[in-house]
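We did not get these values from a lab; they are worked out from the coordinates using the rules stated. It should be emphasised that the depicted structure is a prediction, and the values quoted were computed from it without experimental measurement. Counting neighbours? That spans all protein chains shown, and the Cβs are built from the backbone with ideal geometry, glycine included.
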Amino acid sequence: MSTVAPRSPRRESFARTALRQAAPKWRLQQGVLELLFGIVALMWLVEIVNWIDGYGLDGDGIYSRSFSHLWGIFTAPFIHENFAPHLLDNTIPLVFMGVFIAWRGARRLAIVTAIVIVLGGFGTWLIGPAHVSTIGASGVVFGFATYLLTRGLFNRSLLELLVGGLVGVFWGGALLSSLVPHTGVSWQGHLCGGLAGVVAAYVLARQDPRRARRSVGTARPAKALAK
């Protein structure tokens, strides 16, 4: 038999408060991961269906300057030529960089993804080669990369600049080499996805409340003119 000193009411109250504060944060993190891995799971599910269908979905990508296939802008990122290397090579950097974007919340990840898909896809539709189907999530990967590389400049954040530098170290060489024209590779999709990522970083930086607070905090009061 042992005796245990009773806990003070103050400590119990603090513990309950800490749990209540931690619970919503955990739910937010859960939602972020669910969104990120939901995007990846959809890509793999579509590829499984594509494989079963004898890769008949390959023709549902972006056909440049074809108004009848304009909807391909939204389907192309989820369709891949094969599991490996195409889908696998896009999945790894997408998850790696998606985690850094998702650190700011599910809403941020959703907005960046939407901007990159729409603007990057539309740019590919404008300048891509005619009469071919452009498919794959590499344009989204480029958009995620350029978003991470440039958001620190727009937000004036040292931490975000360091994250961008980390992305550059790991993926910079591969991303730059993918802009060189290769047979069967859409450098136009990579370029437009990258430009869309910069646009996303600029737009979201202007809406960042932390940047607004920094601007207000550093503003100097106007001087009154003596008569």
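Do we have Gly168 as exposed (fewer than 15 other Cβ atoms within 10 Å of the Cβ) and over 14 Å from the mean Cα position of the chain (by Cα) here?
no
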Exercise. Based on what the data block shows, is Ala106 touching a Lys or Arg at 6+ places or on another chain (Cβ under 9 Å), aliphatic (A, V, I, L, M) and in contact (Cβ under 8 Å) with a residue 24 or more places away in the chain?
Worked result: no
Problem set entry | Counted residues, segment 120-160 - those being more than 17 Å from Trp187 (Cβ to Cβ), of a type in the set (Gly, Ala, Ser) and in contact with a Gly (Cβ under 8 Å, 6 or more places away or on another chain) | 1
For this session: With respect to Phe122, determine if the residue is surrounded by 21 or more Cβ atoms within 10 Å (Cβ to Cβ) and either of a type in the set (Gly, Ala, Ser) or in contact (Cβ under 8 Å) with a residue 12 or more places away in the chain (or both).
Result: no
For this session: Hey, can you tell me all the residues within segment 138-165 that are over 27 Å from His80 (Cα atoms) and touching a residue at least 60 places away in the same chain (Cβ under 8 Å)?
Result: Val163
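Of all residues in segment 155-166, count the ones that are within 18 Å of Gln207 (Cα to Cα) and assigned to a helix (DSSP H, G or I). Reasoning before the result, please.
First pass over segment 155-166, keeping only residues within 18 Å of Gln207 (Cα to Cα): 155-157, 160.
Add one more test, that the residue is assigned to a helix (DSSP H, G or I), and what stays is 155, 160.
Total meeting the criteria: 2.
Of the residues Gly136, Gly54, Gly120, Gly152, only one is assigned to a loop (DSSP other than H, G, I, E, B) and within 27 Å of Val32 (Cα to Cα); which? Give the derivation first.
Working: Gly54 fails: within 27 Å of Val32 (Cα to Cα); Gly120 fails: assigned to a loop (DSSP other than H, G, I, E, B); Gly152 fails: assigned to a loop (DSSP other than H, G, I, E, B).
Answer to the check: Gly136.
For segment 178-203, what are the residues that are among the aromatic types (Phe, Trp, Tyr) and closer than 21 Å to Arg151 by Cα? Quick ask: steps written out before the conclusion?
Going residue by residue through segment 178-203, those that are among the aromatic types (Phe, Trp, Tyr) are 187, 202.
Once the filter is applied, which keeps residues that are among the aromatic types (Phe, Trp, Tyr) and closer than 21 Å to Arg151 by Cα, segment 178-203 yields only Tyr202.
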Exercise. In contact (Cβ under 8 Å) with a residue 40 or more places away in the chain and at positive phi - does that describe any residue in segment 32-44?
Worked result: no
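One line per residue, one yes/no per condition, for (1) among the aliphatic types (A, V, I, L, M); (2) within 30 Å of Arg206 (Cα to Cα); (3) not in a loop (DSSP other than H, G, I, E, B):
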site: Ser68; (1), (2), (3): no, no, yes
site: Phe74; (1), (2), (3): no, yes, yes
site: His80; (1), (2), (3): no, no, no
site: Leu88; (1), (2), (3): yes, no, yes
site: Ile92; (1), (2), (3): yes, yes, yes
site: Met97; (1), (2), (3): yes, yes, yes
site: Ile111; (1), (2), (3): yes, yes, yes
site: Val116; (1), (2), (3): yes, yes, yes
For this session: Please identify the pairs in which a residue from segment 167-193 that is within 22 Å of Arg65 (Cα to Cα) and free of Cβ contacts under 8 Å to residues at least 24 places away in the same chain has its Cβ atom under 6 Å from the Cβ atom of a residue that is in a helix (DSSP H, G or I) and hydrophobic (A, V, I, L, M, F, W, C), counting only partners at least 6 apart or on another chain.
Result: Leu179/Trp187; Pro181/Trp187
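Name every residue in segment 177-202 that is assigned to a helix (DSSP H, G or I) and surrounded by fewer than 22 Cβ atoms within 10 Å (Cβ to Cβ), in order of residue number. Give the derivation first.
Looking only at segment 177-202, we keep the residues that are assigned to a helix (DSSP H, G or I), and these are 177, 187-202.
Across segment 177-202, the qualifying residues are Ser177, Trp187, Leu191, Leu195, Val198, Val199, Tyr202.
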